[in-house]
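Every read-out reported here was derived from the displayed coordinates using simple, explicitly stated rules and does not represent laboratory data. Please read all numbers here as calculations on a predicted model, not as lab measurements. Cβ sites come from the backbone with ideal geometry, for glycine too, and all protein chains shown count toward neighbours.
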Amino acid sequence: MIDISLAKTGAEERVVLADQIGKICHEIGFFVVVNHGVSIDLTRSVFATMPELFGLDDRVKAEVARERSPQFRGWDPVGAESTNNRSDIREQFDVWSDWPVHDSPVGVPYLRLLGPNQWLPNDAVPGHRELMEAWMSECAALASDLLGLIAMALGLAEDHFEILFGEQPMSLAKFIHYPPTPEGGAGVNAHHDTGFLTVLATGSNPGLQVQNQDGEWIDVPTVVDSFVINLGEMLQAMTGNYLIATPHRVVTRTERYSAGYFHGPSLDAALTPLDLDDRFARAVAASRHHAGAGFMARLDETNAGVGDMASVRPAATYGQQLWNYFHRSYPDIMAKHHSDLV
């Protein structure tokens, strides 16, 4: 558990905190932050609003169903998303960075992901759009600060990732309702996150689990007014597996809400390896866990028998990473809106 406010107490303290976070991200890939600067009242308002939002009649929510969106935005009923060919037992609203639609040439399919969000009428749940957009903005500031500390831990300029993110960053806010998980299922099945960094408000009910290096599933404790932070596959790819995306899942025996912010760059941001000191590569080579860490398999790889997170071929760009994710998790929507590319 990290008190992130220490990063603002002085230059020396910021360096110490950066090194601590870098060590955690190398060894575990998950940590909890407190005193993070995101408005506690804002986050509590998000959680107060979610039961009302998800409590709407399904016919109302279906007006903004994801299947209506070529950019894969909007509402999912329970079981609509799948992870590694297994249904996730959760309901969710996805809100991405809002950009003008791009008529993509066939050669750059992921540019088709640029576009508008779907929003319910304001009278359905008054103020929900402004609330979600404000929360997304504050989480973005926290994620940016954390990436600055991670850059320092890697021996890079603190603004390295800020520059790399480009002019059209594509981040996601995901508002989630989990019913009790049926025996043998998962609210969301074991996976890695796609982008750079995840900021997750877990709510008051447990359910998030992280897999350790021995393959054991560890319950993540719920800490009031905190955020769980974890890394995505982009940082794993760009650091040659020095920083790792750790497998995680949700299994809950009670109804549960959570809100996640997934910090991402422009779609054309390349997963080019960072120019790091040799000591990072040596650390990877010395660790069987790091040297053998894989990536989420593409749909064709999964169908061919490749393990869920055993692909050795990361995507070349963030956009391709997202395109692979949507192709894997929403094959029917992909076929409906992008049949020329599947």
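Counting each DSSP H run of 4 or more residues in the chain as -39500 (n - 2.57), what helix-only mean residue ellipticity at 222 nm follows after dividing by all residues, to the nearest 500 deg cm²/dmol?
It comes out at -9500 deg cm²/dmol, rounded to the nearest 500.
Between residue 35 and residue 68, what is 0.36 nm times their sequence separation minus the Cα-Cα distance? Round to one decimal in nm.
So the chain would gain 8.0 nm between residue 35 and residue 68.
Evaluate the relative contact order of the chain (contact order divided by residue number), counting alpha-carbon pairs under 8 angstrom at least 6 apart; express in whole percent.
About 20 percent, as a whole number.
Which of the peptides 14-20, 52-58 is most tightly packed, and how do the rest follow, going by the mean number of other Cβ atoms within 10 Å of each residue?
Result, highest mean first: 14-20, 52-58.
What percent antiparallel are the DSSP beta bridges of the range 2-341, to the nearest 5?
90 percent
Taking Rh as the Kirkwood radius, which is the inverse of the mean 1/r over Cα pairs, what is the Rg/Rh value for the range 63-176?
We get a ratio of 1.02 for the range 63-176.
Specify whether the C-alpha gyration tensor of the range 128-174 places it in the rounded, prolate or oblate class, a ≥ b ≥ c being the square roots of the eigenvalues: rounded for a/c under 1.5, otherwise prolate if a/b is larger than b/c and oblate if not.
Prolate shape, in that a/c is at least 1.5 and a/b is the bigger ratio.
Please report the Cα spread of the range 84-136 along all three principal axes, rounded to whole Å, starting with the longest.
41, 33, 19
What does the highest-first list of 122-132, 243-253 look like by mean Cβ count within 10 Å?
Final packing ranking: 243-253, 122-132.
Taking +1 at the Cβ of each Lys and Arg and -1 at the Cβ of each Asp and Glu, which of 169, 258, 124 sits farthest along the dipole of the range 112-265 towards its positive end, judged by Cα position relative to the Cα centre?
124
Tell me, 242, 257 in order of fewest to most beta-carbon neighbours within 10 Å?
Exposure proxy ranking, most exposed first: 257, 242.
Can you list, bin by bin at 10 Å, the percent of alpha carbon pairs in the chain, starting at 0?
Reading upward from the zero bin: 5, 26, 37, 25, 7, 0.
So who's got an amide H within less than 5 Å of the one on residue 168, skipping anything under 5 residues away but keeping other chains? H placed 1.01 Å off N, in plane.
266
Between residue 5 and residue 58, what length comes free when the chain is fully extended (0.36 nm per residue of separation minus the Cα-Cα distance, one decimal in nm)?
Length gained, residue 5 through residue 58: 14.9 nm.
State to the nearest 20 debye the size of the charge dipole of the range 2-341 about its Cα centre, where the only charges are +1 on K and R beta carbons and -1 on D and E beta carbons.
For this selection, approximately 600 debye.
Distance between Cα centroids, the range 162-177 to the range 1-42: provide it in whole Å.
20 Å
Which far-off residues, 5 or more places away or on another chain, put their amide H under 5 Å from the one on residue 218, with H placed in the peptide plane?
210, 211, 212
How much space per residue, in cubic angstrom, does the convex hull of the C-alpha atoms of the range 1-148 take up?
175 Å³
For the residues 2, 163, 176, what sequence is obtained by ranking on other C-beta atoms within 10 Å, fewest first?
In increasing order of surrounding Cβ atoms, one gets 163, 2, 176.
Short version: what are the Cα gyration tensor semi-axes of the range 164-305, square root of 5 times each eigenvalue, largest first, in whole Å?
Value: 27, 19, 16 Å, ordered largest first.
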